[in-house]
1. Is there a quick way to get the dipole size of the range 18-140? I mean about its Cα centre, with the Cβ of Lys and Arg at +1 and of Asp and Glu at -1; what is the value in debye to the nearest 20?
2. Among ILE245, ILE137, ILE194, ILE34, which comes first, then next, by fewest other beta-carbon atoms within 10 Å?
3. Take the alpha-carbon positions of the range 190-280, form their convex hull, and give its projected area averaged over all directions (one quarter of the hull surface) in nm².
4. Relative to the Cα centre, what is the charge dipole magnitude of the chain, using +1 at the beta carbon of each Lys and Arg, -1 at the beta carbon of each Asp and Glu, and rounding to the nearest 20 debye?
5. Starting from the 7 Å offset along Cα-to-Cβ, what nm value, one decimal, do you get for the label separation of LEU193 and LEU113?
6. Which entry is the computed Rg and Dmax of the Cα atoms in Å for this structure: (1) 18.0, 54; (2) 20.9, 70; (3) 18.3, 65?
7. In the chain, with Lys and Arg counted as +1 and Asp and Glu as -1 at Cβ, which of these residues, MET108, ILE34, LEU77, has the Cα nearest the positive end of the dipole, that is, farthest along it?
8. Along each principal axis of its Cα atoms, how long is the range 1-123 end to end? Whole angstroms, biggest number first, please.
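Bear in mind that the values in this text are calculations on the coordinates, not laboratory data. Quick caveat: nothing in here was measured; it's all calculated off a predicted structure. Cβ: placed from backbone, ideal geometry, glycine included. Neighbour counts: every protein chain shown.
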Amino acid sequence: MMSAMRLCLLTALTMLAFAANSVLNRWAVGAGHIEAVDFAFVRVVAGAATLSALLLLQRGALVWPGRQGRVAGVLGLAVYLIGFSLAYRGINAGTGALVLFGTVQVMMFAGALRSGEALPARRWAGAGLALVGLALIAAPGDSGVALVPLGLMAAAGIGWGVYSLAGRHATDPLAETAWNFVLAAPLVLPLWLIAGDGAPDAVGVALAAVSGAVTSGLGYALWYRILPALGAGRAAAAQLTVPVIAALGGAILLAEVPGPQYWLSAALVLGGVALASLPEQRFFSRR
């Protein structure tokens, strides 16, 4: 059984990895070091190679984790990787992370609704706030985002939501993440062959490799490890920190300082997700 302190530290490390992916992708693609599809392909290959090597070192073989959740995990990962990279051609690090995780939470709310789960009024209110915040991002203004990058990042959010849901019952996080990356690589390959017409420089390849091997491959294996202990509510709440970390990283490393419209959108999206996700006793004291 994982201690509360250990779970807290591992969760913080995972959220840093998630935020780093936004900064690394924007740094590489936004600055023209590498094309978006090239970044996605290098990322998935680096992740697959690193995780496979770790699995071989630890187990002596590429242990097959079973079929449960595999199709959803692989498809969700491929959609996320492609949409994520393409979106960062026209969206900054913080805004991309906000759209990504806002979409994830709205999608999970819709999934709960479709499954017939009883939803309290505060979850409806939270989902409504998050939707208003996402709509504000696309509105004209200092932080307004073009609809195409916004739509691509929303698609990435749907893919990430599917990937996370598939990992809620993971019993072998390293093997499951490794095989998700290995099987997602052939899905990204055709798009890379069609669209890969650029010549990435060393910086772009290095950033994509770090994103794939470290902040994605190892970060996602860690995510699959802690998801069962976190539960859906705490996992959703933990991800609220990612857009803020990514925005700060983008401001420091890329000089992309978010304007007032971003922070208003962030307050609505993150506040809405918190309202919808955190346990009721966090909002209402019992006497």
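1. Roughly 280 debye, rounded to the nearest 20.
2. ILE194, ILE245, ILE137, ILE34
3. If you wrap the Cα atoms of the range 190-280 in a convex hull and average its projections, you get 8.8 nm².
4. For the chain, the charge dipole is close to 1060 debye.
5. Label-label distance for LEU193 and LEU113, simple model: 4.1 nm.
6. Working out Rg and Dmax of the Cα atoms in Å from the coordinates points to (3).
7. MET108
8. Sorted largest first, the three principal extents are 46, 42, 33 Å.
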